[in-house]
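Below: one structure, written as structure tokens.
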Amino acid sequence: MTEPRRATVLGATGSIGRSTLDILRRAEPRPRVAALTGMGNVAGLAAAAREFRAELAVTADPARYLELKAALAGTGTEVAAGPEAVVEAARRPADWTMAAIVGAAGLAPTLAAAEQGGVIALANKECLVSAGELFLAEIARAGATLLPVDSEHNAIFQALDRDNRAALDRILLTASGGPFRAWSRERMARATPEEAVAHPNWDMGAKISIDSATMFNKALEMIEAKHLFDVRPEQVEVVVHPQSVVHSMVGYADGSVIAQMGTPDMRHAIGFAWNWPARRALPVERLDFARLARLDFEAPDEGRFPALRLAREVMAAGGLAGAAFNGAKEAALEAFMARRIGFLDMAAAVEATLARLAPFAPAERLADVFALDAEARATAEALIASGEVGKGAVLA
Ligand SMILES: NC(=O)c1ccc[n+]([C@@H]2O[C@H](COP(=O)([O-])OP(=O)(O)OC[C@H]3O[C@@H](n4cnc5c(N)ncnc54)[C@H](OP(=O)(O)O)[C@@H]3O)[C@@H](O)[C@H]2O)c1
């Protein structure tokens with residue numbers, strides 16, 4: 001009998017984390033769980049740690065340490081708290097790590113996990129957007145295996161013809177278009193966080209759901225795809241596909257387009273990464289084409305979704321532009337969630353921040369990435385606080 005693998009789930013209490021635990025729950029043999037991490041959902045983290053008999057459970061919030069410790073009293077699970085403890089948890093020996101912390105906060109723990117040279121199932125897209133080549137260089141140096149879990153990049157990974165790499169012509173990222181796909185700009189200007197969070201097809205965390213509504217999520221994915229698949233910016237295209245059945249496509253020099261399809265369930269991509277390089281049965285619904293009847297495609301409207309244009313500008317600028325883009329986007333997102341700015345102001349804040357911080361130096365050290373991320377957050381926040389962005393758009 002094969003030894004059970006050791007797994008760690010960073011961001012175990014989130015949408016991807018919970019789906020990952022569902023895949024691990026059904027795995028044979030059942031994996032050993034080295035570490036589980038979360039932040040505010042201490043009860044969820046403790047329940048998962050108990051169920052999986054995790055060796056270590058960590059909340060990123062130092063103020064929640066005693067609560068987590070009490071919840072896991074008598075279980076034998078070690079407990080720790082704070083951002084440093086999350087990085088230490090990622091360093092615990094594991095064969096397979098799910099990187100599913102949301103935002104740039106996932107960068108340091110994911111890099112720490114990669115140091116072990118195991119499999120990194122990468123759901124967090126901000127690692128590649130912010131740190132790009134530096135992140136990939138660290139992965140290569142450590143000899144880790146990076147498997148994309150973002151459904152689009154997982155689809156491309158599956159559709160890639162590795163024997164004919166030079167014949168790759170373009171990458172077609174599909175986008176659902178989010179909840180405001182058919183809304184006018186005027187209506188979008190009045191959109192509330194509750195409306196933005198209600199994604200039509202996918203059940204995701206609040207931040208990525210709002211990023212889908214602005215299409216910043218697709219913008220991040222464009223930059224992620226450029227780095228992951230080493231293509232030129234103009235080879236990355238976006239096509240709106242409201243049913244989210246075609247998860248993405250690869251176009252080749254001979255005109256062929258290979259698509260990967262499935263129901264919109266992240267356990268496809270997570271299970272693929274868990275079973276890779278094998279393919280095994282997964283607890284997901286099968287596609288019923290007769291019931292589906294049709295698949296629709298349309299061009300994205302960059303007038304209403306400027307994030308896509310900004311992504312192309314960021315890819316063209318290169319260097320630390322990605323770190324600034326993501327940092328500004330996260331600050332703008334927080335401000336929108338706190339109802340301090342309107343929906344369309346998020347893109348305005350990111351664009352204004354990029355204009356302030358350009359030109360962008362090449363990214364030479366990870367410290368540069370963290371520094372520019374912080375500078376971009378502070379710049380976006382100052383633009384918002386001064387009313388230069390979002391003036392008069394504060395929501396009731
Ligand atoms: N959801 C999807 O379908 C999907 C698809 C593709 C890619 N992704 C990417 O996967 C990542 C996770 O997405 P999600 O939807 O699962 O997000 P989510 O539901 O918001 O979960 C985020 C996880 O990160 C933890 N967390 C939040 N802030 C943290 C911090 N500062 N330090 C450490 N941990 C922190 C959360 O803990 P608490 O919940 O305990 O506070 C939770 O475990 C994102 O990068 C997203 O873009 C998601």
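The values are calculated or read from the model by the stated rules, or taken from the named source; none is laboratory data. Keep in mind that what you see is a predicted model, and the values were worked out from it rather than measured. Cβ sites come from the backbone with ideal geometry, for glycine too, and all protein chains shown count toward neighbours. Remember, those area values only see protein heavy atoms, side chains included, never the ligands or the DNA or RNA. Shrake-Rupley method; radii C 1.70, N 1.55, O 1.52, S 1.80 Å.
Rounded to two decimal places and with Rh computed the Kirkwood way over Cα pairs, what is Rg over Rh for the range 116-218? The partial results should precede the final answer.
On the way: Rg = 16.9 Å, Rh = 16.0 Å.
The Rg/Rh ratio comes out at 1.06.
Among 215, 127, 99, whose Cα lies farthest out toward the positive end of the dipole of the chain, if unit charges sit on the beta carbon of Lys, Arg (+1) and Asp, Glu (-1)?
99
Among residues other than residue 96 whose Cβ falls under 10 Å from its Cβ, what is the net charge (Lys/Arg +1, Asp/Glu -1)?
Values: positive: 5, 6; negative: 95.
Computed value for this residue: +1.
Test of understanding: express the Cα radius of gyration of the range 166-224 as a ratio to 2.2 N^0.38 Å, with N the residue count.
Working: Rg = 13.3 Å, N = 59, 2.2 N^0.38 = 10.4 Å.
Computed over Cα atoms of the range 166-224, the ratio equals 1.28.
By how many nm would the segment from residue 254 to residue 358 grow when fully extended, if each residue of separation counts as 0.36 nm and the alpha-carbon distance is taken off? Spell out each step's value before the answer.
Values: separation 104, 0.36 × 104 = 37.44 nm, distance 3.89 nm.
Result for the pair: 33.6 nm of gain on full extension.
Would you be so kind as to identify which of 171, 183, 201 lies farthest towards the positive end of the dipole of the range 157-235, taking Lys and Arg as +1 and Asp and Glu as -1 on Cβ and the Cα centre as origin?
183
Along Cα→Cβ, 7 Å out, is where each label goes; now give me the distance between the ones at residue 115 and residue 163 in nm to one decimal.
4.0 nm
For every helix of n ≥ 4 consecutive DSSP H residues, a contribution of -39,500 (n - 2.57) applies; sum these over the chain, divide by its total residues, and give [θ] at 222 nm rounded to the nearest 500 deg cm²/dmol.
Values: 17 runs with 180 residues, N = 396.
It lands at -13500 deg cm²/dmol.
Kirkwood hydrodynamic radius, computed over distinct alpha-carbon pairs, for the chain: how many Å, to one decimal?
Details: mean 1/r = 0.0466 Å⁻¹.
After inverting the pairwise mean of 1/r, the radius is 21.5 Å.
Would you grab the residues whose amide H sits under 5 Å from the one on residue 78? Only those 5+ places off in sequence or on another chain, please, with H modelled 1.01 Å from N.
56, 57
Estimate the FRET efficiency between residue 309 and residue 51 by the formula 1/(1 + (r/R0)^6), using the beta-carbon distance for r and 35 Å for R0, to the nearest 0.05. Could the numbers behind the result be given before it?
On the way: r = 45 Å, r/R0 = 1.29.
Working from the Cβ atoms, E equals 0.20.
Pull out the extension gain between residue 365 and residue 186, defined as 0.36 nm times the separation in residues minus the alpha carbon to alpha carbon distance; nm, one decimal.
That works out to 60.2 nm of additional length.
Taking the Cα centre as origin and putting +1 on Lys and Arg beta-carbons and -1 on Asp and Glu beta-carbons, what dipole magnitude results for the range 50-156, to the nearest 20 debye? All intermediate terms of the calculation are to be shown ahead of the outcome.
Values: 8 positive and 14 negative charges, 46 e Å.
With only Lys, Arg, Asp and Glu charged at Cβ, the dipole is about 220 debye.
What does the charge count around residue 113 come to, taking other residues whose C-beta lies under 10 Å from its C-beta (Lys +1, Arg +1, Asp -1, Glu -1)? Don't jump to the answer; show the numbers that get you there.
On the way: positive: 91, 92; negative: 115.
Every neighbour counted, the sum reads +1.
So what is the accessible area of the chain per residue, in Å², with the probe set to 1.4 Å? Don't skip to the end; give the middle numbers.
Details: 16720 Å² over 396 residues.
Heavy-atom SASA per residue in the chain reads 42 Å².
Step through the residues of the range 53-65 one at a time and calculate ³J(HN,Hα) from phi using the Karplus curve (6.51 cos²θ - 1.76 cosθ + 1.60, θ = phi - 60°), rounding each to whole Hz and writing x for Gly and Pro.
With the stated coefficients, the range 53-65 comes to 6, 4, 6, 9, 10, 10, 9, 6, 9, x, 5, 9, 4 Hz.
May I ask you to rank 268, 247 by accessible area, largest first, using a 1.4 Å probe over the protein chains only?
Numbers: 268 40, 247 10 Å².
Ranked from most to least accessible, the order is 268, 247.
Taking the Cα-to-Cβ direction at residue 287 and at residue 61 and moving 7 Å from each Cα, how far apart do the two end points lie in nm?
The modelled label-to-label distance comes out at 4.0 nm.
Assuming 0.692 mPa s and 37 °C, estimate D for the range 1-106 with Stokes-Einstein, Rh taken as the Kirkwood radius over Cα pairs, in µm²/s.
On the way: Rh = 13.3 Å.
D, rounded to a whole number, is 247 µm²/s.
Quote to one decimal, in nm, the extra length available between residue 294 and residue 194 on full extension: 0.36 nm per residue of separation minus the C-alpha distance between them. Provide the component values of the computation, followed by the final result.
On the way: separation 100, 0.36 × 100 = 36.00 nm, distance 2.96 nm.
The residue 294-residue 194 span can extend by a further 33.0 nm.
List every residue whose amide H lies under 5 Å from the amide H of residue 319, counting only residues 5 or more places away in sequence or on a different chain, with H placed 1.01 Å from N in the peptide plane.
363
Using alpha-carbon positions, what is the distance between the centroids of the range 335-396 and the range 175-202, in Å?
If you average the Cα positions of each part, the centres end up 21 Å apart.
Where does the Debye-calculated log10 I(q)/I(0) of the range 268-320 sit at q = 0.15, 0.21 Å⁻¹, using only Cα point scatterers of equal weight, no solvent?
-0.84, -0.82
Ratio of the range 1-45's C-alpha Rg to 2.2 N^0.38 Å, to two decimals?
Numbers: Rg = 11.1 Å, N = 45, 2.2 N^0.38 = 9.3 Å.
Cα Rg divided by the expected 2.2 N^0.38 Å: 1.19.
Got a number for carbon plus sulfur as a percent of the chain's accessible area, 1.4 Å probe?
That share works out to 53 percent.
Nearest 20 debye, what's the magnitude of the dipole of the chain about its Cα centre given +1 on Lys and Arg Cβ and -1 on Asp and Glu Cβ?
Numbers: 42 positive and 49 negative charges, 166 e Å.
In total the dipole reaches around 800 debye.
To the nearest 10 Å², what's residue 261's accessible area with a 1.4 Å probe?
The accessible area comes out at roughly 80 Å².
Local charge sum around residue 86 (other residues, Cβ-Cβ under 12 Å, Lys/Arg +1, Asp/Glu -1)? Intermediate results must be reported in sequence, preceding the final value.
On the way: positive: 91, 92; negative: 61, 84, 88.
Taking every other residue near residue 86 into account, the sum is -1.
Considering only protein heavy atoms, with the full assembly of protein chains and a 1.4 angstrom probe, order 276, 96, 183, 202 by accessible area, largest first.
Values: 276 95, 96 0, 183 65, 202 35 Å².
So the residues, ranked largest to smallest area, are 276, 183, 202, 96.
Just to verify a number: FRET efficiency for residue 378 and residue 170, C-beta to C-beta distance, R0 = 35 Å, to 0.05? Numbers along the way, then the final one.
On the way: r = 37 Å, r/R0 = 1.06.
Rounded to the nearest 0.05, the efficiency is 0.40.
Apply the Karplus parameterisation 6.51 cos²θ - 1.76 cosθ + 1.60, with θ equal to phi minus 60°, to every residue of the range 236-253 and state each ³J(HN,Hα) to the nearest whole Hz, in sequence, with x for glycine and proline.
Taking θ as phi minus 60°, the curve returns 9, 10, 10, 10, 7, 9, x, 7, 6, 9, 7, 7, 3, 9, 10, x, 10, 4 Hz for the range 236-253.
Through the Karplus equation 6.51 cos²θ - 1.76 cosθ + 1.60, θ set to phi - 60°, convert the phi angles of the range 304-321 into ³J(HN,Hα) values in whole Hz; use x for Gly and Pro.
3J(HN,Hα) across the range 304-321, in whole Hz: 8, 10, x, 4, 5, 5, 4, 4, 5, 5, 5, 5, 5, 6, x, x, 7, 4.
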